[in-house]
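**Student:** To start, I am sharing the structure in question, which I have written as structure tokens.
The values are calculated or read from the model by the stated rules, or taken from the named source; none is laboratory data. Quick caveat: nothing in here was measured; it's all calculated off a predicted structure. With ideal geometry, Cβ positions are generated from the backbone for all residues, glycine too; neighbour counts draw on all protein chains shown.
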2 protein chains.
Amino acid sequence: MENKEISQAVIGRLPRYFRYLGELKDEGIERISSQELSDIMQVTASQIRQDFNNFGGFGQQGYGYKVEYLYEEIGKILGLDKTHNLIIIGAGNLGQALANYMNFERRGFLFKGIFDNNPALFGKKIRNMEIKPMEEMEAFVKENGIDIAVLTIPKGSAVEVAGKLVENGIRGIWNFAHVDLPVPAEIQVENVHLSDSLMKLAYNINRYEQNEL
Amino acid sequence: MENKEISQAVIGRLPRYFRYLGELKDEGIERISSQELSDIMQVTASQIRQDFNNFGGFGQQGYGYKVEYLYEEIGKILGLDKTHNLIIIGAGNLGQALANYMNFERRGFLFKGIFDNNPALFGKKIRNMEIKPMEEMEAFVKENGIDIAVLTIPKGSAVEVAGKLVENGIRGIWNFAHVDLPVPAEIQVENVHLSDSLMKLAYNINRYEQNEL
């Protein structure tokens, strides 16, 4: 299992399975069939079985899946049993919103610091963490074993900041800046291009209306 | 062209083309070959040609693409030449961050109102717009021809609010709540599940490290 290549499409679906299984677990449900899971998730039962087969199955014919076991196993596959040290670059509304998602801690993402280049923000506290000047970022990343940086800064400075993060040992960037980051292949980047997402929504609305006419 | 079905994969790539072409336009570049566009976008030239062929081409052999024309045509395909009336439900940090993305206006998304159920926020102004109580949302949607709602509220209330929006004529929901919304097929939903995205990043970091060992 360790070295089998799993497609990004399957990986992209795992967090959603994880989310639904977590809800079932919280509701006290112990066992679920692929058909029931299919009904609540609006995914075909065969898709679910195929996805889970990538990781060796998890189920027994006619018995269904054990919710808690499956939740934990998918969590392990996602690496949520490990911890990651995370900093946020940019303490504007979006940076503050992300810092306040307490939920991240539950999944192993440890919020270690937040940086900005606006002196008016220095020393202000977000979740008990003082906003620090950008000048301190590089040393902080190196000295505190930070492996994930969240970029919520304008695109003009994002590429330069990403370069500094990479030099200081960052492993992954969660990028909200409206620009694609040219980083080495060993650095994992997950882009959240919000305006792209909104444009896709607009397209689908218009498309639907054109087809209705 | 109007009724040809285009895959969601192609549609998903259009906003990124639009973003790059907009930057080229802003830099005063008038013409670009698919090879040059391929180099800056890190997409194969053949992929670019294939994608554009879905919409009738846009290019001339050996001449390349006219940047401004292409930018405008893709904008039209995305429906950015039309305007959409948009409200934000939830005036927390994330709702405020989204309200402050002035850029949306440039793309035809007109910010018409922001709602919350926290009385402490009523009357406070976000981009010159007073935060209104949730109780006023339904009438407001109906009376102001609101077609897009942005949901930045906790998952507990998101499903109920989505139902009310649909009843009052909303056409699309940009959903940041951590829950999938059960809405009729004619309502377009674009989900931004931030924790799913962060989990995917964690997976890719762990995967890379396991393969390195």
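**Student:** Could you check the stretch A:95-142 and list, in sequence order, the residues that are among the small types (Gly, Ala, Ser) and surrounded by 15 or more Cβ atoms within 10 Å (Cβ to Cβ)? Before the answer, list the steps.
**Tutor:** At the first step, the residues of the stretch A:95-142 found to be among the small types (Gly, Ala, Ser) are A:95, A:97, A:99, A:108, A:113, A:120, A:123, A:139.
Listed by number, the residues that qualify are A:Gly95, A:Ala97, A:Ala99, A:Gly108, A:Gly113.
**Student:** Next question. Within the bounds of the stretch B:172-182, is there any residue that is aliphatic (A, V, I, L, M), under 20 Å from the mean Cα position of the chain (by Cα), crowded, with 17+ Cβ neighbours inside 10 Å and at pLDDT 95 or above?
**Tutor:** Yes, the conditions are met somewhere in the stretch B:172-182.
**Student:** What residue, of B:Asn144, B:Asn191, B:Asn118, is outside the structural domain of B:Phe18 (by TED's automatic domain parsing) and either touching a Lys or Arg at 6+ places or on another chain (Cβ under 7 Å) or free of Cβ contacts under 8 Å to residues at least 12 places away in the same chain (or both)?
**Tutor:** Numbers: B:Asn191 fails: either touching a Lys or Arg at 6+ places or on another chain (Cβ under 7 Å) or free of Cβ contacts under 8 Å to residues at least 12 places away in the same chain (or both); B:Asn118 fails: either touching a Lys or Arg at 6+ places or on another chain (Cβ under 7 Å) or free of Cβ contacts under 8 Å to residues at least 12 places away in the same chain (or both).
Matching residue, one of B:Asn144, B:Asn191, B:Asn118: B:Asn144.
Residue by residue, here is whether (1) farther than 27 Å from B:Leu37 by Cα; (2) among the basic types (Lys, Arg) holds:
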position: A:Lys164; (1), (2): no, yes
position: A:Glu167; (1), (2): yes, no
position: A:Pro184; (1), (2): no, no
position: A:Asn191; (1), (2): no, no
position: A:Asp196; (1), (2): no, no
position: A:Asn204; (1), (2): no, no
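The rows are residues; the columns are (1) touching a residue at least 40 places away in the same chain (Cβ under 8 Å); (2) of a type in the set (Val, Ile, Thr); (3) out of contact with any strand residue (DSSP E or B) (no Cβ under 6 Å at 6 or more places or on another chain).
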| site | (1), (2), (3) |
| --- | --- |
| A:Lys25 | yes, no, yes |
| A:Glu36 | no, no, yes |
| A:Lys82 | no, no, yes |
| A:Gln96 | no, no, no |
| A:Tyr101 | no, no, yes |
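**Student:** What number goes with the only condition from (1) at pLDDT below 95; (2) under 14 Å from the mean Cα position of the chain (by Cα) that B:Ala149 does not pass?
**Tutor:** (1) is the only condition that B:Ala149 fails.
**Student:** So which of B:Ile32, B:Ile40 ends up being modelled with pLDDT of 85 or more, crowded, with 17+ Cβ neighbours inside 10 Å and of a type in the set (Val, Ile, Thr)?
**Tutor:** On the way: B:Ile40 fails: crowded, with 17+ Cβ neighbours inside 10 Å.
The match here is B:Ile32.
**Student:** Residues that are in contact with a helix residue (DSSP H, G or I) (Cβ under 8 Å, 6 or more places away or on another chain) and within 12 Å of chain A (Cβ to nearest Cβ), at least 3 per element: which helices (runs of 4 or more DSSP H) completely within the stretch B:95-213 meet that? Step through it out loud before you land on a result.
**Tutor:** Values: elements: B:103-106, B:137-143, B:155-167, B:194-212.
Because the criterion is at least 3 residues that are in contact with a helix residue (DSSP H, G or I) (Cβ under 8 Å, 6 or more places away or on another chain) and within 12 Å of chain A (Cβ to nearest Cβ), the helices (runs of 4 or more DSSP H) in the stretch B:95-213 that meet it are B:194-212.
**Student:** If I ask for residues that are over 15 Å from the mean Cα position of the chain (by Cα), within 8 Å of chain B (Cβ to nearest Cβ) and assigned to a loop (DSSP other than H, G, I, E, B), which ones from the stretch A:72-94 would you list?
**Tutor:** A:Gly92
**Student:** Answer yes or no: is there a residue in the stretch A:167-177 that is basic (Lys, Arg), free of Cβ contacts under 8 Å to residues at least 40 places away in the same chain and touching an Asp or Glu at 6+ places or on another chain (Cβ under 8 Å).
**Tutor:** First, pick out the residues of the stretch A:167-177 that are basic (Lys, Arg): A:171.
If we keep only those that are free of Cβ contacts under 8 Å to residues at least 40 places away in the same chain too, we end up with A:171.
Narrowing the set further to residues that are touching an Asp or Glu at 6+ places or on another chain (Cβ under 8 Å) leaves A:171.
Yes: the stretch A:167-177 contains one or more residues that are basic (Lys, Arg), free of Cβ contacts under 8 Å to residues at least 40 places away in the same chain and touching an Asp or Glu at 6+ places or on another chain (Cβ under 8 Å).
**Student:** So which of B:Leu121, B:Leu213 ends up being of a type outside the set (Lys, Arg) and at pLDDT below 90?
**Tutor:** Residue meeting the stated conditions: B:Leu213.
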